[in-house]
Amino acid sequence: MVGMTHNTVAGIVLAGGRSRRMGQDKAALEYEGVTMLTRITEAIGERCAPVLVAAPEASQAYRELSAESDLQWVTDEKDGSGPLGGLVAALRAAAAAGADVAFVCATDMPLVKADLVDELLAGLTPSTDAVIAHDAQRDHPMAGVYRTSAADALAALVDAGELRMLAALDAISTRRVGVSDPNWLTNVDAPEDLHRLRVGA
Ligand SMILES: Nc1nc2c(ncn2[C@@H]2O[C@H](COP(=O)(O)OP(=O)(O)OP(=O)(O)O)[C@@H](O)[C@H]2O)c(=O)[nH]1
């Protein structure tokens, strides 16, 4: 059955990266006068509760933003385990908050909309652990809905040294779906990406 309803869908923003290509922390970067983190948490907050921000304690985002923030922050269980390690910690926190499913995105996706959450949720079946967005270029594991019950399987991979998101998704039951507006999936890694977005190129 496709199109199940979910009582509680948490939101998870992965925000603990080092932003080396951008040269400054992407969570705190402003787009259209608002920080990326605020834009995204407000957009997904229309559908998701709680909204959790995952970052290692040592990350710039955690050190500089968490104290002043009204958001719920979840620290990675192990530093250096990358987005997958952050996802595991956040899925466990979402489960503890009563959510069976969480929408997951990166903090460098300023065009994420609540409609993306709805479209991915519509693709979740009883036997599916995750539904991720797919476009003509690639799969987008950081635009997906994940069952919180998948946390242990993903944690076992992290413990075994597998930190690649797409490889991890092959170890659980994952569906790929197209979304109606691929712009939602735009991510900005470097200053030129942000420039392109600002000039609408
Ligand atoms: N919680 C958590 N999030 C992470 C971690 N590493 C990356 N992310 C997030 O995952 C998303 C994708 O990260 P990347 O763009 O691949 O890496 P980055 O470190 O942010 O940027 P680069 O240093 O330029 O590679 C971003 O939203 C990051 O903030 C991590 O170790 N923990």
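The strands (runs of 3 or more DSSP E) falling completely within region 53-158 that include 3 or more residues that are under 18 Å from Gly16 (Cβ atoms) map to 72-75, 101-106, 139-147. Among the residues of region 159-176, those that are outside any loop (DSSP other than H, G, I, E, B), of a type outside the set (Lys, Arg) and within 16 Å of the chain's Cα centre (by Cα) comprise Met165, Leu166, Ala168, Leu169, Thr174.
Here region 67-89 is the region considered, the condition is being hydroxyl-bearing (Ser, Thr, Tyr) and at pLDDT below 95, and the residue that is nearest to the ligand (Cβ to nearest atom) is Ser81.
The values are calculated or read from the model by the stated rules, or taken from the named source; none is laboratory data. Just so we're clear, the structure is a prediction, and the values are computed from it rather than from any experiment. With ideal geometry, Cβ positions are generated from the backbone for all residues, glycine too; neighbour counts draw on all protein chains shown.
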